[in-house]
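What follows is a short report on a single structure.
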Amino acid sequence: MSKADLHLVNAADEIERQFRSVMRRLAGGVSVITAGRGDDITGMTVTSLTSLSAAPPRLLVSINRQASSFSLIDRHRLFGVNILGSDQQELAARFSNGKLKGKQRFEGISWFSGTAGVPLLDNSLATIECQVEEIIERHSHGIVVGSLLGFDLSHRLSGLVYWNGQYVDIDDDSDLNELANCSVPFAHAR
Ligand SMILES: Cc1cc2nc3c(=O)[nH]c(=O)nc-3n(C[C@H](O)[C@H](O)[C@H](O)COP(=O)(O)O)c2cc1C
């Protein structure tokens, strides 16, 4: 490698480092994306989940194509979204722990299989089952567009955010018992 090439590589590394610093300023809601069925299940912590459109209801999440969840989502064309609450920081750590793989990430925690068959985490602020509408592969990641099959909304509000390299609670749970648990069946969510 010539000196000029080396300079370019170093410049690219520096820009990447600065980009990471810039993005650390952006607070992101923490969710766990779940995928697979039977014993072949996994999940991963993400902050890239966002709403794409309300009519029709579509969301998107950017997933590294090397992550174990990506191949399961691609194969089954289904995934689960679990929006974490402020008391679920441990789940966020568990589902981004490279030492735990696949089903191990679900051991000792409370989860169930949704109507479409994807694993969903109990006590999330909201869970959503999604069908993959499209996967746009760009660079290291796949932008996964999901259409809603059904969702479940908890009474609780206090959320979990990742900002500046740390988890931050948004503690805003008031008495929302008057809000009934709302569950939209498969056919209505389309
Ligand atoms: C707070 C936080 C947010 C993350 N957000 C994303 C994300 O949006 N997309 C992504 O591909 N990885 C994200 N990751 C990394 C994945 O959680 C991690 O690489 C994944 O668990 C690896 O899965 P695997 O070991 O099953 O391959 C995030 C990690 C943390 C701690």
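The values are calculated or read from the model by the stated rules, or taken from the named source; none is laboratory data. As the structure is a computational prediction, the values presented were derived from the model and not from experiment. When we count neighbours, we look across all protein chains shown, and the Cβ atoms used for this are built from the backbone with ideal geometry, even at glycine. Only protein heavy atoms, including side chains, enter the accessible area calculation; ligands, DNA and RNA are left aside. Shrake-Rupley method; radii C 1.70, N 1.55, O 1.52, S 1.80 Å.
Screening the stretch 47-71 for residues that are touching a helix residue (DSSP H, G or I) at 6+ places or on another chain (Cβ under 9 Å) and within 6 Å of the ligand (Cβ to nearest atom) and picking the one that is least open to solvent (accessible area, probe 1.4 Å) gives Ile63. Does Asp74 satisfy the condition of being touching a residue at least 12 places away in the same chain (Cβ under 8 Å), charged (D, E, K, R) and either crowded, with 20+ Cβ neighbours inside 10 Å or more than 16 Å from the ligand (Cβ to nearest atom) (or both)? Criteria not met by Asp74.
Return the pairs, sorted by first residue and then second, in which the second residue is open to solvent by 50 Å² or more (accessible area, probe 1.4 Å) and modelled with pLDDT under 95, the first residue lies in the stretch 130-153 and is under 18 Å from Pro119 (Cβ atoms), the beta carbons are less than 7 Å apart, and the residues are 6+ apart or on different chains. If the second residue must be open to solvent by 50 Å² or more (accessible area, probe 1.4 Å) and modelled with pLDDT under 95, the pairs left are Leu149/Phe186; Gly150/Pro185; Gly150/Phe186; Asp152/Ser183. Within the stretch 30-45, the set of residues being open to solvent by 10 Å² or more (accessible area, probe 1.4 Å) and without any contact (Cβ under 8 Å) to a residue 60 or more places away in the chain comprises Gly38, Met44, Thr45.
For the stretch 153-166, how many residues meet the condition of being in a strand (DSSP E or B) and surrounded by 16 or more Cβ atoms within 10 Å (Cβ to Cβ)?
Qualifying residue count for the region: 5.
If we keep just the residues of the stretch 84-119 that are open to solvent by less than 60 Å² (accessible area, probe 1.4 Å) and of a type in the set (Val, Ile, Thr), which is nearest to Asp39 (Cα to Cα)? The residue in question is Val118.
Does Gly80 fit the bill of being more than 12 Å from the ligand (Cβ to nearest atom), open to solvent by less than 10 Å² (accessible area, probe 1.4 Å) and farther than 21 Å from Asp169 by Cβ?
yes
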